[in-house]
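**Q** Quick one: the structure is below, questions incoming.
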Amino acid sequence: MKSGHPPAEDGGETRRTILREAHRLFMELGYRAVSTRQIADACGLTQPALYHHFADKQDLYVAMLRDNLDTIQGGLERIARRDGDIGERLRQVVRYLPATRSDMGQMFHDIEHEVGAEARRALEEAFHRGVVAPIAAIFADGLQRGLLRDPRHSGADPVTAAFLLLSMLRYAPASEDRQTSASDARHAETIVDVLLHGLAVPNSSHGREQHNENWKGVDIHDDVIG
């Protein structure tokens, strides 16, 4: 005799569909502009059916971002575990993240301005765990191997270095020909080379002094998250 309830696997597929459509709409339009009715319509569901899976819009938004960050975390951790030099792994990170670049910009805005304090804390923790920590692990490996300057000698600790990379990714203008793998590779090469070696001519003390002056008093962490 049938219970009248959908099989568990059907419920799981419905939840995945809701998360997928919610991601598309939230990233395209922003948190405030999207209603649960829009998401339900995009999924072919009624609002009560959607609320069977998520308590409200914020609950759905938090679940969607956590799901997205889990996916990003898996990819970044695979890169961090690979053999190879630090520069090559960072280039792989840069090539992996641009597909999510616009999404991350929208995510930062909505986390800061649209969700409640408790949800904001949970999402910031998920961001650190899923994005910052795997990138920081690559820099930590470089420090351990003696390939990067020690933070006590004008270097950066791994977490700060990860935020620097994310800042460059967030604000660096995209090339007009970013549609090819070759242009992606050049873009990644430029970002990583500037991060690891700077813009100054090698052995140029003026370039090093100007760099330190430009960054004096800047809170990198707040700039990326905000």
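The values are calculated or read from the model by the stated rules, or taken from the named source; none is laboratory data. Keep in mind the model is a prediction, meaning the values are calculated, not measured. Neighbour counts run over all protein chains shown; Cβ positions are idealised from the backbone, glycine included.
**Q** Select from the range 142-200 the residues that are in contact with a His (Cβ under 7 Å, 6 or more places away or on another chain) and within 25 Å of residue 108 (Cα to Cα) and write down the one among them that is modelled with the highest pLDDT.
**A** The residue in question is 163.
**Q** Further, regarding this structure: Taking only pairs six or more apart or across chains, which ones have beta-carbon atoms under 7 Å, a first residue in the range 27-50 that is under 13 Å from residue 14 (Cα atoms), and a second residue that is of a type outside the set (Asp, Glu) and part of a loop (DSSP other than H, G, I, E, B)?
**A** Listed pairs, sorted by first residue: 40/46.
This table checks each residue for (1) loosely packed, with under 13 Cβ neighbours inside 10 Å; (2) more than 30 Å from residue 146 (Cβ to Cβ); (3) within 19 Å of the chain's Cα centre (by Cα).
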position	(1), (2), (3)
40	no, yes, no
45	no, yes, no
58	no, yes, no
64	no, yes, yes
69	no, yes, yes
77	no, no, yes
82	yes, no, no
92	no, no, yes
111	no, yes, yes
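**Q** Any idea how many residues of the range 113-132 are surrounded by 13 or more Cβ atoms within 10 Å (Cβ to Cβ) and either of a type in the set (Asp, Glu) or touching a residue at least 40 places away in the same chain (Cβ under 8 Å) (or both)?
**A** So the answer is 11.
**Q** Exactly one of (1) modelled with pLDDT of 95 or more; (2) hydroxyl-bearing (Ser, Thr, Tyr); (3) in contact with an Asp or Glu (Cβ under 7 Å, 6 or more places away or on another chain) is unmet by residue 31. Its number?
**A** Of (1) modelled with pLDDT of 95 or more; (2) hydroxyl-bearing (Ser, Thr, Tyr); (3) in contact with an Asp or Glu (Cβ under 7 Å, 6 or more places away or on another chain), only one is false for residue 31: (1).
**Q** Given the conditions (1) at pLDDT below 75; (2) surrounded by 12 or more Cβ atoms within 10 Å (Cβ to Cβ); (3) over 24 Å from the mean Cα position of the chain (by Cα), which single one is not true for residue 221?
**A** Single failed check for residue 221: (3).
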